[in-house]
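Peer 1: Please find one structure pasted underneath; my questions will follow.
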Amino acid sequence: MAERLFRPPVLRRLPDGWMGYHDGQAWPVRDPGGAADVLGATWFFTGEALLVEPPEGEFCALPARPAPPPLPSLPMPYRAAAAPVLPGMRLGAHVVPRAALWRLVPMPGVTPLPFAPPGVMGMGVSQGFAALVLDGAADAPLLALLSVQGRMVGLPCVDARPDADAGTLDIMPAAALALAPPLPEARPAPPAPETALVLADAGGITFALPALAIDAVLPPMLPALPPGGAGGRIRGVVSHRGQVLPVVDGGQALGGRPALGFEPVPLLRLGGVAVAVAVVRGLRRVPEAALTAPGAGPVIATAWPDGAAVPVLDPAFLARLS
């Protein structure tokens, strides 16, 4: 006779069989005919066997478990109340919106304005900022610079502190606002340092050279053979600005196909040597921060001027004659 009947059990496969879990207890399960491998079925758990069909006789349901008693209410830990958001700033007897307070500066000397409307003390300049100074305490140590409709207005004050009131900018006659200087324009950030590179193709490779290392870009020409014939890396000579320059082939220097042939090609003058290339793509300016660290060998850095990685070569590597 079955000791207990559970419906449905929670099963876990073990190396040597099955284990059923119900009501916090674990029961070994004998699986007749591999029935536990069938999904979507209703099982009857007898304590030692897993049955597809319910056993004969009365089905023994377990009594309902009483509901657990409620947990005792514990005092919540103390939490400091969040400071209220204070939208205004109190400047002496006035409360202004916090967003209107541009900055606080020491009270400067004030130059009176002739024919100024009432309520205006004059014009003051402090730390390079000019403002229309309103009447206030004569001995106020501070001047609050306020942004009022895109103009700079100064309000003398003893101190500045947050206030719960949102404040207002209705602190000056409308006729005086036209006398206030405009807000200073935001100073643009200094441009990031850049490096000028000249891009060229030779030997089937696109490479770059520092622009400061290139004395000139010569138009396409066909070098002439030297009187004694070519030797070493010298493939010819050209005349530029009254000097005869030896010509080396940039394609061969890079281990690719020669740049020199039967057609004129552009040349890059690197000091006293002209380097023949297939194409000169032009000048590119790239941020110095976008260059990789110097590497070993002829590649001194890598740049991405046109969205593709381009090696930056050592000019001395291309200009060598031996």
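The values are calculated or read from the model by the stated rules, or taken from the named source; none is laboratory data. The shown structure was predicted, so the numbers you read here are calculated from the model rather than taken from an experiment. Counting neighbours? That spans all protein chains shown, and the Cβs are built from the backbone with ideal geometry, glycine included.
Peer 1: Filter the strands (runs of 3 or more DSSP E) completely within region 234-297 down to those with at least 1 residues that are closer than 13 Å to A319 by Cβ, under 41 Å from the mean Cα position of the chain (by Cα) and not charged (D, E, K, R).
Peer 2: 265-270, 273-276
Peer 1: If you check every pair at least six apart or on different chains, which have Cβ atoms under 6 Å apart with a residue in region 278-291 that is assigned by TED's automatic domain parsing to the domain that holds G307 and loosely packed, with under 14 Cβ neighbours inside 10 Å first and a residue that is assigned to a loop (DSSP other than H, G, I, E, B) and among the small types (G, A, S) second?
Peer 2: Short answer, once both residue conditions are applied: P287/A192.
Peer 1: Go through region 102-120 and count every residue that is under 16 Å from L132 (Cβ atoms) and either surrounded by 16 or more Cβ atoms within 10 Å (Cβ to Cβ) or in contact with a strand residue (DSSP E or B) (Cβ under 8 Å, 6 or more places away or on another chain) (or both).
Peer 2: Final tally of qualifying residues: 13.
Peer 1: Taking region 121-157 only, how many residues are polar (S, T, N, Q), out of contact with any strand residue (DSSP E or B) (no Cβ under 7 Å at 6 or more places or on another chain) and assigned to a strand (DSSP E or B)?
Peer 2: Selection size over region 121-157: 0.
Peer 1: Report, ordered by the first and then the second residue, all pairs with beta carbons closer than 6 Å, sequence separation of six or more or different chains, a first member in region 300-313 that is closer than 11 Å to F207 by Cβ, and a second member that is in a strand (DSSP E or B) and among the aromatic types (F, W, Y).
Peer 2: Short answer, once both residue conditions are applied: P311/F207; L313/F207.
Peer 1: Here's another thing I want to ask about it. Return the residues of region 136-158 that are at pLDDT 85 or above and over 38 Å from the mean Cα position of the chain (by Cα); say none if nothing qualifies.
Peer 2: A140, P141, L142, L155, P156, C157, V158 - these are the residues of region 136-158 that are at pLDDT 85 or above and over 38 Å from the mean Cα position of the chain (by Cα).
Peer 1: Name the pairs whose Cβ atoms lie under 6 Å apart, with the first residue in region 193-214 and among the charged types (D, E, K, R), the second surrounded by 17 or more Cβ atoms within 10 Å (Cβ to Cβ), and 6 or more positions between them or separate chains?
Peer 2: These pairs meet every condition: D201/A278.
Peer 1: Give A116, A99, A137 a once-over and let me know the one that is hydrophobic (A, V, I, L, M, F, W, C) and touching a residue at least 60 places away in the same chain (Cβ under 8 Å).
Peer 2: Of A116, A99, A137, the one residue that is hydrophobic (A, V, I, L, M, F, W, C) and touching a residue at least 60 places away in the same chain (Cβ under 8 Å) is A116.
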